[in-house]
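Quick notes on the structure that follows.
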Amino acid sequence: MIEISVTSDIGRLRDVVVGPFKAFTLEDLIREGEVDGGDGDEQLLTEMLARYSLEAPDPTIAAKQHAQLIAVLEEHDVTVRWADPVDCSIQMYTRDMGFAIDDVFFLARPATPTRQREQSGLLSLQSRMSKVRALDAGFIEGGDVLVTPSEVLVGLGDSTDEEGVEALRRAMAAAGLSREVVPMRFSHRGVVHLDVHFTLASPEVGLVNPAAFDAESLDHLKNRFKLITVTPGEVRALAINTVALGPDRLLIQTGLERLEAELSRHGITPVPVNFSEITRFPGGLHCATLPLVRE
C-alpha cells in the first residue's frame, strides 16, 4: 500500500511517479490529436507553437537527461515509481495526471482525449494508493495545483476551469480536508499551467513570474511568500518549473547562475539537473514528477 501524504509541496520528497520518455515529433502530436478527435489538443498545440519556440527534443539526448533526473532522485533516497506505458506520444509529464493533498490522491480531469488516455498509465499504481478520489465535473490538471503549508493554490488557465476548482472543493470536503482552495488568475491567455509561473522553493520563498498574474493573485503571493522574481528569459527556459527535494533543497535547470545565487542567499541549496533538451517542447522538472509522499 502506498500511504499518500503531501502536506506541502516543499516537504522532503520520499515517493514520486515518473513516466517513460518517448521519441516524438510535432507532426506526431498533431496527428494524434486528429485521430483522437481532440479539437482541444490541436488548439492547445497551436497556441503553444505561437507562444513558444517549440521543438521536438533529440530522443537520444533527452532520454539521457531524463535518466539523469531519475538518478538524482534516487541519490536523494526518493522511491521512484513508473507509470505504465500507454498508447500516446508523450507520457513523461506525470504531474498533470493527478495530485496529492494531505492523505488523499485526486485524479485530474484532463480536457483532451490524448491526456485522458495518458492518465490511464496510473491505473495499476492507483489501485495501491491508500486514498483516491475522482472529481465529478470540470477540468483540472496537476500542473495547476500547488499545496502550500496552509492552502491549495489552483491556476485557472488553459488546462483548468472554474468548474474543476469547484469539483475539487467538493471532493476535498467529502474527504474531510478543510484547506482553503485559492484560485490563481492570470493576466493573459495562453498559460498552460501554474507551475510554469509560480512554484515554492522553501516554506517561505517562491519563484514567480509577476507578469503572468492579475493584481489580486499577485498580491496574494506577495502577502504569503518572499518572492524571487524570474526574468522573461528565465521563464522561457522553464526556470520556475523546479522540484523541491526538501524545505531547503531544490532541483533546478542547469545554467541558471543568477537564480542559483538568489536561492543560496535565501538558504536554499540548488541541485542543478540538465533538462535543456527536454524543455525544447517545453516541459520541465516539475512537469516530469508526481509526488505521492512528502515528509
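The values are calculated or read from the model by the stated rules, or taken from the named source; none is laboratory data. In this text the structure is predicted, and so the values were computed from the model without any measurement. The accessibility values were calculated without ligands, DNA or RNA, using every heavy atom of the protein model including side chains. Shrake-Rupley method; radii C 1.70, N 1.55, O 1.52, S 1.80 Å.
Please work out how much length the chain gains when fully extended from residue 84 to residue 130, using 0.36 nm per residue of separation minus the C-alpha to C-alpha distance, in nm with one decimal. Intermediate values should be presented prior to the final figure.
Values: separation 46, 0.36 × 46 = 16.56 nm, distance 1.89 nm.
Residue separation times 0.36 nm, minus the Cα-Cα distance, leaves 14.7 nm.
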Listed residues 105, 225, 186, most fluctuating in the chain (Gaussian network, C-alpha, under 10 Å): 225
The chain, Gaussian network, Cα under 10 Å: of 28, 15, 248, the residue fluctuating most is 28
I'd like the Kirkwood hydrodynamic radius of region 74-231, using the inverse of the mean 1/r over distinct C-alpha pairs, in Å. 16.4 Å
Rounded Å value of the spacing that divides the Cα centres of region 187-230 and region 56-131: 24 Å
At 1.4 Å probe size, with every protein chain present, just tell me what the per residue accessible area of the chain comes to in Å². 40 Å²
Given Cα pairs under 8 Å that are at least 6 residues apart, what percent is the relative contact order of region 114-260? 18 percent
Arrange the residues 139, 21 by how much accessible surface each exposes, largest first, with a 1.4 angstrom probe. 139, 21
Pairs of Cα atoms under 8 Å, at least six residues apart: use those to get the relative contact order of the chain, whole percent. 27 percent
Estimated vicinal HN-Hα couplings, Hz - region 276-289 in sequence order (Karplus 6.51, -1.76, 1.60; Gly, Pro = x): 5, 6, 5, 6, 5, 6, x, x, x, 4, 5, 4, 8, 9
Of the accessible area of the chain, computed with a 1.4 Å probe and all protein chains kept, carbon and sulfur make up a percent value of 49 percent
If you work out semi-axes √(5λ) of the Cα gyration tensor in Å from the coordinates, which of (1) 24, 23, 21; (2) 32, 25, 18; (3) 34, 21, 17 do you get? (1)
Keeping all protein chains in the complex and leaving out DNA, RNA and ligands, what accessible area do you get for residue 170 with a 1.4 Å probe, in Å² to the nearest 10? 110 Å²
Whenever you get a sec, line up 58, 87 from highest to lowest accessible area (probe 1.4 Å, protein heavy atoms). 87, 58
